[in-house]
Amino acid sequence: MKSRALLLSLFLVSGALLSAADSVRDAVANKLAADYPALEKFYVDLHQHPELSLMEEKTAAKVAAELRAAGCEVTEKFGGTGVVGVLRNGPGPTLLIRTDMDALPVKEETGLPYASTVRVTDLSGHADVPVMHACGHDIHMTVFTGTARMLAALKDKWSGTLVFVGQPAEERVVGARAMLSAGLYRQFPKPDFAIALHDETEIPAGTVGTIEGYSHANVDTVNITVRGVGGHGAKPYLGKDPIVLAARIVVALQTIVSRELRATDPAVVTVGYIQGGLKNNIIPDEVKLGLTLRSYSDEVRAHLVSSVRRICRGEAIAAGLPDELMPEVEVNAAEGATALYNNPALTHRVRSALERWLGADNVKTFEPAMVSEDFGEYGLTAEHVPLCMFRLGALSAERITESARTGAPLPSLHSGKFAPLPEPTIKTGVTALTATALELLGKK
């Protein structure tokens, strides 16, 4: 009898817990349905009025207003155009939720009725530059503000502190560093966890994806000046042709990954541009090369840069260049990014929450990519904050299926034709971030 009574008691407790969980999910779904028209309007406004990196003044003001309306203590113009909103709700952990805010110098070609027609003069003085949210940061901001509204309405379900970070200049991979350098972890509650999401074209709207460990790569931007001795194209023996030398360098660079690294060490060396010469029959004095280097580990990152320097010098020596004409190799630190490492334990908790809320079939597993993302900076300070960034499907399942059937590529991020599907992408994003926050801050 005692055994039967204990089983019955456990059954009743389990049923009560399941009922409570269902009740919270129902409350989120109902509020999201009520909020969605306003969220979609906010998204369309952001999409129609994009701003470039380090110029996000109006965008930041809109995000700040939304956070303030949700009850946050808001600080504007932090680390440039950054926004920080703090929502306190008793004792407990601190969770940082980050969104990026900047757009790209891309001409929109989606044909949407709310397509961007914005053209500006950029920070370099270039006039009539087209601007578009071609990476979905407008989706990110909408999900971010929707999540702030949701968690403010669910304060009886969690305890702790939320730090909402609206970050500028992600596309130039300098925004996170600027906010951290300005004292993000000193002036505001130090997070125990930091999370973010990024929209994705490889999985359908309504789904999300996670990855443990490395998610995004280190990036080093390298500029090389190959020097020579110019002259008449008919008399190359009288000079030192930097175009031929540059060609030899380009070919030799391809051996770094294939012959100097273990096959298990992911890396990329890409020459993005070669610029040299003005006329067919003139040998120029110099040629410019632009490289991007991608890696995960610090050791491989250092090896790539060192090998580029060695190859440039070695090929120049082989070509008979004197010391004063050795190639100049410059690593542009301002355009570099550090790898994003998703803390495995945190990512496992996030995935478990996402599966409970969205269903296991709607939570995918991603492979590491060699693209960059400066969210990793938030975990590289002395505080060693655990990070997790997950992916948010943004295109219709029908569109993805049709692409697979025909072989026609989908518009990628940074494309003028990239057009995320607002619904259900926004609803899925808000649900996913809310589920994650309740997992990490939920009352036990």
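The values are calculated or read from the model by the stated rules, or taken from the named source; none is laboratory data. Not measured: the values here are computed from a predicted model. Here Cβ is always computed from backbone atoms with ideal geometry, including for glycine, and neighbour counts include all displayed protein chains.
The lone criterion from (1) without any contact (Cβ under 8 Å) to a residue 24 or more places away in the chain; (2) surrounded by 20 or more Cβ atoms within 10 Å (Cβ to Cβ) left unmet by LEU67 is number (1).
Of all residues in the stretch 91-98, at least one satisfies being assigned to a strand (DSSP E or B), charged (D, E, K, R), under 15 Å from MET141 (Cβ atoms) and in contact with a strand residue (DSSP E or B) (Cβ under 9 Å, 6 or more places away or on another chain).
Any idea which residue in the stretch 371-384 is farthest from GLU439 (Cα to Cα), counting only those that are surrounded by fewer than 17 Cβ atoms within 10 Å (Cβ to Cβ) and touching a residue at least 60 places away in the same chain (Cβ under 8 Å)?
For the stretch 371-384, the residue satisfying everything is VAL371.
Report, by residue number, each residue of the stretch 388-413 that is more than 30 Å from ALA353 (Cβ to Cβ) and either touching a residue at least 40 places away in the same chain (Cβ under 8 Å) or outside the structural domain of PRO113 (by TED's automatic domain parsing) (or both). Correct list: PRO411 only.
Conditions (1) out of contact with any Phe, Trp or Tyr (no Cβ under 6 Å at 6 or more places or on another chain); (2) farther than 30 Å from LEU96 by Cα, marked per residue:
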position: ASP199; (1), (2): yes, no
position: VAL208; (1), (2): no, no
position: TYR214; (1), (2): no, no
position: ILE224; (1), (2): yes, yes
position: HIS232; (1), (2): yes, yes
position: GLY239; (1), (2): yes, yes
position: ALA247; (1), (2): yes, yes
position: THR255; (1), (2): yes, yes
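Residue by residue, here is whether (1) in contact with a Gly (Cβ under 6 Å, 6 or more places away or on another chain); (2) of a type in the set (Gly, Ala, Ser); (3) closer than 12 Å to HIS137 by Cα holds:
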residue: TYR36; (1), (2), (3): no, no, no
residue: LYS41; (1), (2), (3): no, no, no
residue: ASP45; (1), (2), (3): no, no, no
residue: THR59; (1), (2), (3): no, no, yes
residue: ALA65; (1), (2), (3): no, yes, no
residue: THR75; (1), (2), (3): no, no, no
residue: GLY80; (1), (2), (3): no, yes, no
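Put simply, of PRO344, PRO368, PRO322 the only residue that is farther than 19 Å from LEU184 by Cβ and not assigned by TED's automatic domain parsing to the domain that holds PRO191 is PRO322. For the stretch 393-412, the condition of being under 27 Å from LEU180 (Cβ atoms) and either surrounded by 15 or more Cβ atoms within 10 Å (Cβ to Cβ) or in contact with a helix residue (DSSP H, G or I) (Cβ under 8 Å, 6 or more places away or on another chain) (or both) holds for none of the residues.
Within the stretch 265-311, the residues that satisfy the criterion of being in a helix (DSSP H, G or I) and out of contact with any helix residue (DSSP H, G or I) (no Cβ under 6 Å at 6 or more places or on another chain) are ASP298, GLU299, VAL300, ARG301, ALA302, HIS303, LEU304, VAL305, SER306, VAL308, ARG309, ARG310. Number of residues in the stretch 286-308 that are of a type outside the set (A, V, I, L, M), farther than 25 Å from TYR214 by Cβ and crowded, with 17+ Cβ neighbours inside 10 Å equals 1. Within the stretch 223-238, is even one residue under 30 Å from HIS198 (Cα atoms) and of a type in the set (S, T, N, Q)? Yes, the conditions are met somewhere in the stretch 223-238. Can you pull out every residue in the stretch 334-384 that is outside any helix (DSSP H, G or I) and either among the hydroxyl-bearing types (Ser, Thr, Tyr) or within 16 Å of PHE193 (Cα to Cα) (or both)? Matches in the stretch 334-384: THR338, LEU340, TYR341, ASN342, ASN343, THR365, SER372, LEU380, THR381, ALA382, GLU383, HIS384.
Please go through the stretch 133-178 and give me each residue that is farther than 21 Å from VAL83 by Cα and surrounded by 24 or more Cβ atoms within 10 Å (Cβ to Cβ), ordered by number. Residue satisfying the conditions is ALA134 alone. Residues of the stretch 37-58 being part of a helix (DSSP H, G or I) and under 19 Å from HIS414 (Cα atoms), which ones? Of everything in the stretch 37-58, those that are part of a helix (DSSP H, G or I) and under 19 Å from HIS414 (Cα atoms) turn out to be TYR43, VAL44, LEU46, HIS47, GLN48. If you scan the stretch 312-366, which residues turn out to be at pLDDT 95 or above, within 26 Å of VAL219 (Cβ to Cβ) and among the hydroxyl-bearing types (Ser, Thr, Tyr)? Once the filter is applied, which keeps residues that are at pLDDT 95 or above, within 26 Å of VAL219 (Cβ to Cβ) and among the hydroxyl-bearing types (Ser, Thr, Tyr), the stretch 312-366 yields TYR341, THR347, THR365.
Table: residues versus (1) touching a helix residue (DSSP H, G or I) at 6+ places or on another chain (Cβ under 6 Å); (2) crowded, with 17+ Cβ neighbours inside 10 Å; (3) assigned by TED's automatic domain parsing to the domain that holds TYR378; (4) not charged (D, E, K, R).
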{"site": "ASN30", "(1), (2), (3), (4)": "no, no, yes, yes"}
{"site": "GLU51", "(1), (2), (3), (4)": "yes, yes, yes, no"}
{"site": "GLY79", "(1), (2), (3), (4)": "yes, yes, yes, yes"}
{"site": "ILE97", "(1), (2), (3), (4)": "no, yes, yes, yes"}
{"site": "TYR114", "(1), (2), (3), (4)": "yes, no, yes, yes"}
